[in-house]
Amino acid sequence: MSTRWWSSTEFAEFLSKLVPDSISRVEENACYLVPEKLVEAMMALRDDADSNFVHLTNLCAADYWDKFEVIYHIQSLEKNCIASVKVEVLDRENPVLPSVTSVWHGAWLQECEAYDLYGIRFENHPNLTRILLWEGYPGWPLRKDFLTMPGGLQPGLNEFAGTAAKPEPPVHTVE
Amino acid sequence: MSEIVKTEPFVMNIGPQHPSTHGVFRVKVTVDGEQITDAEMVIGYLHRSMEKLAEERTYTQNIPFTDRTDYLSSMSNNLGYCLAVEKLGGLSVPARGQAIRVIMAELQRLASHCMGAGAFANDTGAWQTPVMWFNRERERILDIFEMTSGARLTCNYMRIGGVAFELRSGFEEAVRNLLPRLQQTIADGQELLAENEIFIARARDVAVVSPETAIGASLTGPMLRGSGVAWDIRKADPYSGYEKYDFQIPIGYKGDAYDRFTVRLEEMRQSIKIVEQALDDLPGGPHSTEVPLAFRPPAGEAYARIESPRGELGYYLISDGGPSPFRFHIRPPSLINLSVLKEMTVGASVADAIIALGSVDIVVGEIDR
Amino acid sequence: MLSFLATDHWYDLRDLANLYRVVLEGLDHIFPTGLVYVLTALLGFIAFFVVFVLPSQLYVGVYGERRLIGRMQARQGPNRVGPLGLLQPVADAIKLLQKEALTPRSADRLIMWAAPVLFVAPAILIFAVIPFGPRMVFADIPVSLMYFLAISSLPVIASFMAGWSSNNKYSLFGAMRIVAMSISYEIPLVLGLLAVSVLSGTMSLQGMVYWQQDIPTWMILIQPIAFAVYFIGVSAELNRTPTDIAEAESEIVAGYLTEYSGMRWGLFYGMDIAYALGASAFAATIFFGGWSLFGLEQWVPPWLIFILKTYLFYFVFIWTRGTLPRLRIDQLMSFAWKFLLPIALINLLVVAVERLIWTSNDLPDAIVWAFGAVNIVLMVGIVFIWAKVFKYDPKKRPTKPRLVNEPGGYRPVDLEQGGPSL
Amino acid sequence: MSGFGITVAFWILAALTLASAGGVMASRNLIHAVLFLIVAFLGVSGFFILLSADFLAMAQIIIYVGAISVLILFAIVLTPRAERDNSETSMVLPALLLGTTLAAVLLFVLYDANWNVTNVEPGLSAEVLGSALLSVWVLPFELASVLLTAALVGALMIVRRQEDEEGDSAS
């Protein structure tokens, strides 16, 4: 017994019945969703008895130079099947995507991580902060053009620009 | 009246330098008396941007990186990464290589759970004794790793298409001598801790995660199984020949810290069973297939996952046909298991929060990568 | 009973008071009368401290504890400095003296400086009333039991000062915990000891030793409940595991000692051991017959018997420390108020009734054996009933997880018919 | 009370007690005030020892130093910081007046009282005290205990929260 991977065509067929107009295009290895319908489609996939995708396994983003993609691996524990869903983010300057934390609580930290490293803002996320890097870090390090971004690590430069000396923290007294 | 008679809440930092955060991990808790009213974790102290670095190196060069994410289970990390690359490149591993990988992964699980169970016992206040007892056996497992791969902690033993070297002579004997000792230590742990009245009082009904919460929060591994959800990648999606071995999935009753601890102990027993079976019919033949050093898998993507000691460890690779991955993503079980940190700690006392944190069994290297 | 065999010769080691007296008499010829009075006090303290407390602290407390716990934890313990590591405590002390005692910038300097000093003073005072032999007690005051309780309530204040003045949140937590613990456990402790005092009819420690010598018995056989209450209460007051929540290093780093370093920390550490020794000595006196050992004290030096009993009791402290996990503070509190206090009160009532029967009917001394039997039966009965009332059944609790063969979703727990009780 | 040593001890104790009592009044920080109070209590117990009242001295330390001061410390730490310090008050003049009057009355009583030297053996053993409390003075003793119990129950009622009551009734 091993986990069944839903093929993209099978998935598209299933989802178009469940939530119409939620699929933008279907490719060989994944099915691309429309960002506006993302949360609705995910909610339906989670709650429908036939799909039962209750477990968000993996959420990550990827940079294809001209666009971002956010990849969701969702699985059903009882049916032992897994599917790969993608969403495209075309606006590089201001990438925005609806958050799926309302569907799966487990998306919380993974979306934070994607925001931290790619700068993709997830709308309606309860607390979207940088988790691995500090607030105010210049640039989004996992973008392919990170080195050419303002504040990125320039070739030949040994220090990050923008790491100014921090003020000494004040002494707090125990309340 | 109750507005007047109240204590003053204050913010307390647990970590980044604290004996119980198992590394540089920090939780900012707001405390009212002894009760926690808010908890916020602060991570990133150990961030080494491995995902970015990996985009500049070849597939084989990336294997040592995986050692250093979850530094308590390097073999499992190697295995997960190699499986992902093999899936991407459509490679197959010879039977002997698969069996050796299973033995190593299970020994690594034993070593990691030794650390996890011991550190958890330390968090409950059993002053170092269980840690030392479990670490004694962990050292012996690390001796076997050293004998096989030359390194104790960051083994770098798996390769794409198999394992790096053939097993040394005397390996099988060493492992067979070790297993009864491990059984004994697990039995000691069962008696000293799991059946200890104080331990039960401390860990039972603490940091309860309901199965619905656990599934919704994407928990995996002992955290998920402790909540009573039967989910183990080794059973559900067998890799590296796990379907050949006879073992069972331990699941807990209530999803509290005690269940997670006992699940870990039981998983150690099951791992011993698997290692014994794998040793009994260790196939002959080559240990690895020939893979060019600058391996160029075809363009595409692959998501491979294994059951690491901490949960589902996934590697998501995108290849553009070049010698290095276009995107290298690790699904870190330690980080995602911390999704429920707030649910576990808010409302509990500081002492229970430490227990909750200990029962997650985090490795900061994997959280921050 | 044979009379006490020790002679008045100064070389009779069975009674070290002889030596002390000889020295004092010699000094009396040299100094004016008033000064000898002061010198007696000083010499007594120095003698007690240097001969007994300091070596015990270093070699039982520091070295012995570390070696024994090392043995329990499958490791070596200190074995490098000197033969068998015997000089390790000395090396530690020298190291601590050399280290800088840091004071945080926002700390309350004066109180932070005064706390270790105030912590040390009661640790020395506590040994003033402990009888080491028939004539070897420094201050044989009639209320030495009360004295012991009074003195042992003082270090709490010093610990609180240490925790509060450091201006560290962990320290403050430790201070609050130690204060809460001490006021909770003081009450059952006093009530437990009151029962002992009621039965023996004296508040003097020396009187209790004589009482136990006369029966002859040990108080632990007559009053097991009082001993249990004392042991638990005193472990809580001394911060020994399983009740070391004030210094719980896995929770609040080092509790009230977090900001202390150097010899200031060393004073706390050393005096913690001295308090544990004092509590052991007290337990040995009250519950284990003190310096008497069923007649053997006439040949063996009584102080040796006493010290061995003290060390034996101290070993139990080390043993629990190496074995048990730590309880949570609310569990400890509810244990003190809901279990220890009622049980101590019941014990006090029963003992008072026994004492009344004994004295009003003029019964022979052997009747205490019957009392002892009654008390032991009572203790077993109470614990049994308690377990029944709270439906405590360890056999029905699952200590191993369920095992399943197939993966899938959530498997509900079947709680029907003889299932596990959670 | 006689002898050189005892006289010296008395004066030292008196100075210590008075100085720390003054410290209680003068110190702005409440924690410091409580610590001064503890020293004052210890000094008072020293007086008891000088009067050969061993039992009372020990009871003084156990109850006042070991329990009451510790409770005060606990209460101060758990109080919000804003309400913790000794703040200025507008009642300085009335307080001064009241204090002076009280001191005058006490001094007058001290001066006026007929301090007899009795031949009663000094020293109050625990047995004597106990039997006196439970025979001659049994009514005040029991009344005091009833009062203290009532105070305890009252304090519990005041700090009891609404949600606790609900939780208790549910369980």
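Key figures
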| quantity | calculated |
| --- | --- |
| Some residue of the range B:340-349 being in contact with a Phe, Trp or Tyr (Cβ under 7 Å, 6 or more places away or on another chain) and either in contact (Cβ under 8 Å) with a residue 60 or more places away in the chain or at the interface with chain A (Cβ under 10 Å from one of its Cβ atoms) (or both) | no |
| Spans of helices (runs of 4 or more DSSP H) in the range C:310-414 with at least 3 residues within 26 Å of the chain's Cα centre (by Cα) and farther than 30 Å from B:G255 by Cα | C:341-361, C:367-389 |
| Checklist (1) more than 26 Å from C:E247 (Cα to Cα); (2) touching an Asp or Glu at 6+ places or on another chain (Cβ under 6 Å); (3) at the interface with another protein chain (Cβ under 10 Å from one of its Cβ atoms); (4) not acidic (D, E) applied to C:L145, failing item | (2) |
| Conditions (1) of a type outside the set (K, R); (2) more than 8 Å from every other protein chain (Cβ to nearest Cβ); (3) surrounded by 23 or more Cβ atoms within 10 Å (Cβ to Cβ); (4) within 19 Å of the chain's Cα centre (by Cα): number failed by B:A207 | (4) |
| Subset of the range C:89-108 [buried (at least 18 other Cβ atoms within 10 Å of the Cβ) and in a helix (DSSP H, G or I)] | C:P89, C:D92, C:L96 |
| Residue list for the range A:45-65, filter: surrounded by fewer than 24 Cβ atoms within 10 Å (Cβ to Cβ) and within 15 Å of A:Y32 (Cβ to Cβ) | A:A62, A:Y64 |
| Candidate set from the range A:29-42 (those that are within 14 Å of chain B (Cβ to nearest Cβ) and under 16 Å from the mean Cα position of the chain (by Cα)); member that is surrounded by the fewest Cβ atoms within 10 Å (Cβ to Cβ) | A:Y32 |
| Hits in the range C:172-206 - residues which are of a type outside the set (D, E, K, R), part of a helix (DSSP H, G or I) and within 8 Å of another protein chain (Cβ to nearest Cβ) | C:L172, C:F173, C:A175, C:M176, C:V179, C:A180, C:S182, C:I183, C:V190 |
| Pick from the range A:1-21, criterion away from chain B (no Cβ under 14 Å) and β-branched (V, I, T), ranking: nearest to A:C81 (Cα to Cα) | A:T9 |
| All positions within the range D:1-50 that are over 25 Å from D:F74 (Cβ atoms) and within 13 Å of chain C (Cβ to nearest Cβ) | D:G3, D:F4, D:G5, D:I6, D:T7, D:V8, D:A9, D:G46, D:F48, D:I49 |
| Scan of the range C:109-147 for residues that are surrounded by fewer than 22 Cβ atoms within 10 Å (Cβ to Cβ), part of a helix (DSSP H, G or I) and more than 20 Å from the chain's Cα centre (by Cα), ordered by number | C:R109, C:L110, C:I111, C:W113, C:A114, C:V117 |
| The range B:122-135 - residue that is part of a helix (DSSP H, G or I) and out of contact with any Ser or Thr (no Cβ under 7 Å at 6 or more places or on another chain) and, of those, nearest to the other protein chains (Cβ to nearest Cβ) | B:M132 |
| Criterion: crowded, with 16+ Cβ neighbours inside 10 Å and either over 15 Å from the mean Cα position of the chain (by Cα) or within 22 Å of A:V54 (Cβ to Cβ) (or both) - qualifying residue of A:I120, A:I74, A:I131 | A:I74 |
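Yes or no, residue by residue, for (1) within 14 Å of chain A (Cβ to nearest Cβ); (2) in contact with a strand residue (DSSP E or B) (Cβ under 9 Å, 6 or more places away or on another chain); (3) β-branched (V, I, T):
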residue: B:L219; (1), (2), (3): yes, yes, no
residue: B:R225; (1), (2), (3): yes, yes, no
residue: B:D232; (1), (2), (3): yes, yes, no
residue: B:K235; (1), (2), (3): yes, yes, no
residue: B:R264; (1), (2), (3): no, yes, no
residue: B:G284; (1), (2), (3): no, no, no
residue: B:P292; (1), (2), (3): no, no, no
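Yes/no per residue for (1) at pLDDT below 85; (2) facing chain B (nearest Cβ under 10 Å); (3) not in a loop (DSSP other than H, G, I, E, B):
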residue: A:C60; (1), (2), (3): no, yes, yes
residue: A:D66; (1), (2), (3): yes, no, no
residue: A:E88; (1), (2), (3): no, no, yes
residue: A:L97; (1), (2), (3): no, no, yes
residue: A:Q110; (1), (2), (3): no, yes, yes
residue: A:E113; (1), (2), (3): no, yes, yes
residue: A:I131; (1), (2), (3): no, yes, no
residue: A:E135; (1), (2), (3): yes, no, no
residue: A:P141; (1), (2), (3): yes, yes, no
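The values are calculated or read from the model by the stated rules, or taken from the named source; none is laboratory data. As the structure is a prediction and not an experimental result, all values here were calculated from the model. Ideal geometry is used to build each Cβ from the backbone, glycine not excepted, and the neighbour counts take in all protein chains shown.
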